[in-house]
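Undergrad: The structure is given below, and queries will be raised subsequently.
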Amino acid sequence: WSGSDDGLVHVSRDSGQSWKNVTPPHLPEWSFIRTVEPAPHDAASLYVAATRYKLNDPEPYLFKTTDYGETWTDISANLPAEPINVVREDHRNRNLLFVGTEMAVYVSLDGGASWHKMRGDMPTVPVHDLKIHPRENDLVVGTHGRGFFITDISWIQELTADNLSRPVHLFGI
């Protein structure tokens, strides 16, 4: 997978011998591809975060494909008008997504159908990178100005549709 600063997304399925343009059709021209994030659960799936803030367009552009770019779904749902810098899929729960914008971190429990702002002690700050520690299940948030925040997301990983539909769920300690 590759993304460019002129808004194009390409995929190679033969170790780089040939490349196919699979740019999301609803992505406006001259978008800046901020993140191409392969899904850890499926080689055919990819997330693309793009921005057009340099063109005075603060809208969030966030797409997902599950078929190597043949079709795309806009998963920006109810995200506010803030440029998106990074998107990550959780390594345990494929429906758990995190997005870093120019103002905050957002989480989706349903694969991008809806988003919720993560609250806490983190100030309003541009989020430039997100990493999920594979052993500790910590979300590491890298911000503008060399700041970073770490939070345990083990309990969020348990917020699956099955667990949310039950009258009671006992979280792991």
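Undergrad: Send over a whole-number figure in Å² for the accessible area per residue of segment 116-159, probe 1.4 Å.
TA: Details: 2900 Å² over 44 residues.
Normalised by residue count, the accessible surface of segment 116-159 is 66 Å².
Undergrad: To continue, here is another question. If one puts a single equal scatterer on every Cα of segment 15-65 and applies the Debye formula without solvent, what log₁₀ I(q)/I(0) results at q = 0.16, 0.25, 0.31 Å⁻¹?
TA: -0.53, -1.02, -1.26
Undergrad: What FRET efficiency, computed as 1/(1 + (r/R0)^6) with R0 = 25 Å and r the Cβ-Cβ distance, is obtained for residue 41 and residue 166, rounded to the nearest 0.05? Working shown, then result.
TA: Values: r = 23 Å, r/R0 = 0.93.
After rounding, the FRET efficiency stands at 0.60.
Undergrad: Send over the Kirkwood Rh of segment 36-173, from the inverse of the averaged 1/r over different Cα pairs, rounded to one decimal Å. Don't skip to the answer; put the middle values down first.
TA: Working: mean 1/r = 0.0644 Å⁻¹.
Computed over segment 36-173, the radius equals 15.5 Å.
Undergrad: How about residue 117: which lysines have a C-alpha closer than 21 Å to its C-alpha, ignoring those fewer than 8 places off in the same chain?
TA: 64, 131
Undergrad: With bins 5 Å wide starting at 0, give me the P(r) of segment 96-173 over every alpha carbon pair, in whole percents.
TA: 3, 14, 24, 23, 19, 9, 5, 2, 0
Undergrad: Restrict the search to segment 116-173; then list the chymotrypsin sites (Phe, Trp or Tyr not before Pro) that DSSP places in a loop and that have at most 11 other Cβ atoms within 10 Å of their Cβ. Don't skip to the end; give the middle numbers.
TA: On the way: sites: 148, 149, 155, 171; in loops: 171.
Sites meeting the loop and neighbour criteria: 171.
Undergrad: Determine the sum of side-chain charges near residue 34: Lys and Arg each +1, Asp and Glu each -1, restricted to other residues whose C-beta is under 15 angstrom from that of residue 34.
TA: On the way: positive: 52, 54, 64, 88; negative: 5, 6, 37, 57, 59, 82, 102, 129.
Net charge in that neighbourhood comes out at -4.
Undergrad: Putting +1 on Lys and Arg Cβ atoms and -1 on Asp and Glu Cβ atoms, find which of 147, 9, 163 reaches farthest to the positive end of the dipole of the chain.
TA: Result: 147.
Undergrad: Let me ask you something else. Suppose a student asked you for the relative contact order of the chain, using Cα pairs under 8 Å spaced at least 6 residues apart; what percent would you report? Write out the running numbers ahead of the final one.
TA: Values: 390 pairs, mean separation 21.3, N = 173.
After rounding, I find 12 percent.
Undergrad: How many nm separate the modelled label positions at residue 152 and residue 5, each set 7 Å beyond the Cα in the direction of the Cβ?
TA: 4.1
The values are calculated or read from the model by the stated rules, or taken from the named source; none is laboratory data. If you're wondering where the values come from, they're calculated on a predicted model, not measured in any experiment. Methodologically, a virtual Cβ is constructed for each residue, glycine included, from the backbone with ideal geometry; neighbour enumeration extends over all protein chains shown. Quick note on the areas: whole protein, heavy atoms, side chains included, nothing else; ligands and nucleic acids left out. Shrake-Rupley method; radii C 1.70, N 1.55, O 1.52, S 1.80 Å.
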